[in-house]
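Participant: First the structure, which I've put down as structure tokens, then a few questions once you've had a look.
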Amino acid sequence: MNSQILIKNGNIITSEKSFKSDILIKNEKIVEIKEHIKADNENLKVIDADKSFVFSGAVDAHVHFALPTPAGPSSDDFYTGSIAAIAGGTTSIIDFVTPSKGESFLKAIKERKEEAESSLIDYGLHLGVTWWGEQSEYEIEKAIKEEGINSFKTYLAYKNSVGIDDYALASLMDCVSKLKGLVTVHCENSEIINLLQSKLLSEGKASPKYHQLAHPAEIETEAVNKAVIFAKLLKCPLYIVHISAEESVEIIKNAQKRGQVVFGETCPQYLLLDNSVYNSDGFEQAKYVINPPLRNKINQKYLWKGIENGAIQVVSTDHCPFFLKGQKDKGKNDFTKIPNGAGGIEERLNLLFTYGVLKNRISINQFVNIVSTNPAKIFGIYPQKGEIAVGSDADIVVWNPEIEKKISAKTHKQNCDTNIYEGFKVKGNADYVIVRGKIAVEQNKFDISGLKGNYLFRQKLEY
């Protein structure tokens, strides 16, 4: 364990400013930030960051490690997923507790925390609310006060498994608004999806290319509008996950203009990939079966604009990979049986730096804001995470803006046989990744010995 690290001459980037300085790290914390700190300790590890950007380790507030599905759990568990995270400069994640219908929320939290103990980086949990009963409000209050869980995930899709109806959504929002929490929503209309899926299959349209046709943009937008209206009536802070459609951005922006507390999240796949990937009849396209599906390119422009104007505050990954062989191929003859999801935690920063910062779509400060500072603030782990400041955790990325590479499943760290960004050329990569004061990546050399993620007991939210 590197008990003391000195980062010299770094170009420090925060969400609000950029400046040249040194950073001294002791015992997992940032203890000093100033120019010309003296290296007067023989046990001090010195990193020369003169030509690098230095920013807080990224926070991915939307990942699904070891997500249970009929095709088996998503292929990255908390151990392998955290390795992929570290490789990409992400040093904290928020995953999910997903109780089965009728299961105690508190029991599910206990079991999920045990499963997450293999994480190498600090982790928090959103509580998925998959049903509503007499004990639900009591257990949500206990989750906030005793488990430090302040965000509650709902699905308006998947009503045959984890999705909820309008009564449960309204009841949850009413409860959470009183307890100073946040409701997050996967916005799609379950009934229309089921109808469209049945119609397509009855017409013999069973290959992966038809997945997108069962999930048109309109059913996302309709559900976003519903969630915003419910949240307004019940005075509940709202976070819309993985926005993919132009009109969804407009609904969120208009709500924000009215003074409503609504946060928007999108993912790199919706910013950089489009529905032309579904044109082939080959089963290889199953790797792009995600929800929401990829949209046409027109939507990308509005998503980037949403980041620029603040309608979208966070770019997470929805990291949820599955093997093409042995998992995705369970749906070889029926696209509705293909497990939905893809990886991205390892590539998020490379992609947003290359196609956001270097393409002048976002500034370097906005980059840090959407991948680190904003998610830390929204979910109650700031300034412990998401900031370069004295007293903050020493989760730090030293970013070399000149490194070039090509993304490939042959070289990635995530535990999956495909990569939806296969062949993408990126510029910029983490030379060093420091996880709570330990150097885990040093110029492509990994040292994860001694790393142990801590559970993030998150603060009560005050919006």
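Here, each number is a calculation from the coordinates, and none is a lab measurement. This is a predicted model, so every value here is computed, not measured. Here the Cβ positions follow ideal geometry from the backbone for every residue, glycine too, while neighbour counts run over all protein chains shown.
Participant: On each of the three principal axes of the Cα atoms of the chain, give max minus min coordinate, whole Å, ordered largest first.
Facilitator: 72, 49, 41
Participant: Of the peptides 89-100, 284-295, 419-430, how do they stack up when ordered by the mean number of other Cβ atoms within 10 Å, highest first? Walk me through the intermediate numbers first.
Facilitator: On the way: 89-100: 24.9, 284-295: 22.1, 419-430: 18.9.
So the peptides 89-100, 284-295, 419-430, ranked by packing, come out 89-100, 284-295, 419-430.
Participant: Taking the Cα centre of segment 57-378 as origin, sum charge times position over the Cβ atoms of Lys and Arg (+1) and Asp and Glu (-1), and report the length of that vector in debye to the nearest 20. All intermediate terms of the calculation are to be shown ahead of the outcome.
Facilitator: Working: 34 positive and 38 negative charges, 141 e Å.
Once rounded to the nearest 20, the dipole reads 680 debye.
Participant: To make sure I understand the rule: partners must be lysines, Cα under 19 Å from the Cα of K305, and not fewer than 8 residues away in the same chain. Which ones qualify?
Facilitator: Partners found: K253, K257, K297, K359.
Participant: On to the next question. Report the one residue of S449, Q459, V433 whose Cα lies farthest in the direction of the positive end of the charge dipole of segment 418-463 (charges on C-beta: Lys and Arg +1, Asp and Glu -1; origin at the Cα centre).
Facilitator: Farthest towards the positive end: Q459.
Participant: Can you say what percent of the DSSP beta bridges in segment 57-378, counting only those with both residues inside, are antiparallel? Round to 5.
Facilitator: On the way: 0 of 26 bridges.
Given both bridge residues lie in segment 57-378, the antiparallel proportion sits at roughly 0 percent.
Participant: Helix check for the chain. Which DSSP H runs span at least 24 Å along their own axis by Cα, with a mean Kyte-Doolittle hydropathy no less than 0.0?
Facilitator: Numbers: long enough: 217-234 (26 Å, 0.69).
Qualifying helices: 217-234.
Participant: Are there trypsin sites (Lys or Arg not before Pro) in segment 24-112 that DSSP marks as loop and that have at most 13 other Cβ atoms within 10 Å, and which are they? Working shown, then result.
Facilitator: Details: sites: K26, K29, K34, K38, K45, K51, K101, K107, K110, R112; in loops: K38, K51, K101.
Listed in order of number, the matching sites are K38, K51, K101.
Participant: Past 21 Å, Cα to Cα: identify those pairs from K145/K226; K325/K410; K209/K330; K205/K226; K178/K232; K8/K34, in the order given.
Facilitator: On the way: K145/K226 29 Å; K325/K410 15 Å; K209/K330 15 Å; K205/K226 30 Å; K178/K232 14 Å; K8/K34 10 Å.
Table pairs above 21 Å Cα-Cα are K145/K226; K205/K226.
Participant: So what is Rg over Rh here for segment 222-336, counting just Cα atoms and using Kirkwood for Rh?
Facilitator: Working: Rg = 16.1 Å, Rh = 15.4 Å.
The Rg/Rh ratio comes out at 1.04.
Participant: Sticking with this structure for a sec: Using helices alone, I'd like the mean residue ellipticity at 222 nm for the chain: each DSSP H run of four-plus residues gives -39500 (n - 2.57), total over residue count, nearest 500.
Facilitator: On the way: 12 runs with 122 residues, N = 463.
Estimated from H runs of four or more residues: -8000 deg cm²/dmol.
Participant: Can you say what percent of the DSSP beta bridges in segment 15-107, counting only those with both residues inside, are antiparallel? Round to 5.
Facilitator: Values: 5 of 8 bridges.
Antiparallel: roughly 60 percent of the beta bridges in segment 15-107.
Participant: Here is a further query. Can you give the local net charge around T98? Use residues other than it whose beta-carbon is closer than 12 angstrom to its beta-carbon, Lys and Arg +1, Asp and Glu -1. Display every interim value, and only then the final one.
Facilitator: Values: positive: K101, R112, K153; negative: D95, E103, E111, E115.
Within the 12 Å Cβ shell, the charges total -1.
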